[in-house]
Amino acid sequence: MPEKDPNEARWTIGQFSRMTMLSARMLRHYDRIGLLSPGDVDPWNGYRYYSEAEFAPAMVLRFSGLLSRL
């Protein structure tokens, strides 16, 4: 597994939720079913942290959800 870059941007689930307009509940659901996992999970408290690598897949999920409503 590659080393984590300490300078890489990391967002909490709430921050990432606001950025992507996906609810924290949906992000947890996507993680649970293996569709979109956070880049890092704190082993002590279980907090999910997302990075730029998860942003594009999250936006695909967001827009596919919008398209399904048409």
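Coordinate-derived values only; no laboratory data. Note that the coordinates shown come from a computational prediction; the quantities given were computed from them, not determined experimentally. Methodologically, a virtual Cβ is constructed for each residue, glycine included, from the backbone with ideal geometry; neighbour enumeration extends over all protein chains shown.
Miscellaneous remarks
- Linear extension gain, Thr12 paired with Val60, 0.36 nm per residue minus alpha-carbon span: 15.3 nm
- Approximate spin-label separation Tyr47-His29, in nm, with each point projected 7 Å along Cα-to-Cβ: 2.5 nm
- Environment charge at Ser37 (Cβ cut-off 9 Å; Lys +1, Arg +1, Asp -1, Glu -1): -1
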